[in-house]
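Since the structure comes first, as structure tokens, the remarks are kept for the end.
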């Protein structure tokens, strides 16, 4: 499994993840968990579905998962393995009818279009196929076509900023067409709470995502959430101890 | 094993059953995924989960002959039912998603899409954690303070008007809509308790202990 922030650095397999990241505990500092399979080859395998289920055990937050989803059955598999939403990326350009099928079967709220963006000489361009193929149309075009399908949310990720910790590529906001009615999640580049804060302050951004290792190991993410709440952002505050007291309460 | 907390999670192929089962198991309930309508009457507790469209949901229930089985269990055998998200919507008489469709009709009510006027500029789907206003902190809402957060993701809503509820919670998203309710042995939540951290776990516990 590759970490999104160091795309080409192998950080470990499932056992490593389970040992180093306590997702159940992390889940109390987030509103949603996004799990992406960014393997260079063999995406969307049975093994990945299994990981989604195992990693999210005792995580009582929404889980979006994807990476290599190409058909309705794969989407169904993910949803049966613990995901609540299916993240699509390449399908948007390759076969958007499949996304429509997923919407028809599981509803609009069940789909997240992940749009990977990279700056080029001719402006911002969308990259698909795990960030390997550049699309010629402008960014606006792909945001609009995702919103019109319609997907439930758009996950707007800056490839340039991803993993840098230097902050979001707010320039991208200008390219979100007026009147887009689906929520937009900003991703790529957050390295500290101030970045998250800045993102949430933008009117056209509905949510902020972070994959920065700094946030996952130690108390970075927890502290970031506390700071955001202090800054007046309306985020729920969970009682972690009470949740552990509820364990097995019905069997006693 | 405490048989009173044996629960059937109705499996009709609509969405995130895994999450619902995992939350119920965490609480220590004895959970079975049930597809067979003949087995439903063995359970005192039923959970009807589901994400997806109203039309598709009803089609699936009918195909599996689960619609009548659910109604029988709830109306004649007194089983407690909790509908979650689409599952809550299916409990009422009618849904308008992808064409008008009859629901299970356990309660009167029509599920319709948020209108532009209702939304007052809010986006749909309504996604994310939102606070609910609770009429009475008892029954299904025991130990849940007013303005607690729950996770929503939906574009269709049930309004509180003309649904006769004993206890209810409203959520405001441009307009106040029915976030959760309890009427005798029938409970519903538009939000996902299985995705609402501690608050959701408390509500799921309440379904077994206080309804």
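The values are calculated or read from the model by the stated rules, or taken from the named source; none is laboratory data. The structure displayed is predicted, hence computed values, not measured ones. All Cβ positions, even for glycine, are placed from backbone atoms using ideal geometry, and neighbour counts span all protein chains on display.
Counting only strands (runs of 3 or more DSSP E) that sit wholly inside the stretch B:94-211, those with at least 3 residues that are modelled with pLDDT of 95 or more, under 23 Å from residue A:249 (Cβ atoms) and within 14 Å of chain A (Cβ to nearest Cβ) are B:148-154. On the basis of being out of contact with any helix residue (DSSP H, G or I) (no Cβ under 9 Å at 6 or more places or on another chain), more than 14 Å from chain B (Cβ to nearest Cβ) and at pLDDT 90 or above, does residue A:71 make the cut? No: the conditions fail for residue A:71.
Residues in the stretch A:77-90 that are buried (at least 24 other Cβ atoms within 10 Å of the Cβ), within 15 Å of residue A:115 (Cβ to Cβ) and more than 11 Å from the chain's Cα centre (by Cα): A:89 alone. Among the conditions (1) under 27 Å from residue B:152 (Cβ atoms); (2) touching a strand residue (DSSP E or B) at 6+ places or on another chain (Cβ under 9 Å); (3) within 14 Å of chain A (Cβ to nearest Cβ), the only one that residue B:61 does not satisfy is (3). Within the stretch A:18-59, the residues that satisfy the criterion of being more than 14 Å from chain B (Cβ to nearest Cβ), surrounded by fewer than 20 Cβ atoms within 10 Å (Cβ to Cβ) and not in a loop (DSSP other than H, G, I, E, B) are A:18, A:19, A:20, A:46, A:47. The set of residues in the stretch B:1-21 being closer than 20 Å to residue A:251 by Cα, facing another protein chain (nearest Cβ under 10 Å) and at pLDDT below 80 consists of B:1, B:2, B:4. Return the residues of the stretch A:128-156 that are farther than 19 Å from residue A:111 by Cα, in a strand (DSSP E or B) and out of contact with any helix residue (DSSP H, G or I) (no Cβ under 8 Å at 6 or more places or on another chain); say none if nothing qualifies. Those that are farther than 19 Å from residue A:111 by Cα, in a strand (DSSP E or B) and out of contact with any helix residue (DSSP H, G or I) (no Cβ under 8 Å at 6 or more places or on another chain): A:133, A:134, A:136, A:137.
Counting only residues that are without any contact (Cβ under 8 Å) to a residue 60 or more places away in the chain and under 16 Å from residue A:208 (Cβ atoms), which one in the stretch A:231-242 is nearest to the other protein chains (Cβ to nearest Cβ)? Taking the candidates together, the pick is A:234. The number of residues in the stretch A:1-24 being modelled with pLDDT of 50 or more and closer than 21 Å to residue A:220 by Cα comes to 11. Just one residue in the set B:33, B:46, B:24, B:39 is free of Cβ contacts under 8 Å to residues at least 60 places away in the same chain, under 19 Å from residue B:187 (Cβ atoms) and either more than 10 Å from chain A (Cβ to nearest Cβ) or crowded, with 24+ Cβ neighbours inside 10 Å (or both); that residue is B:46.
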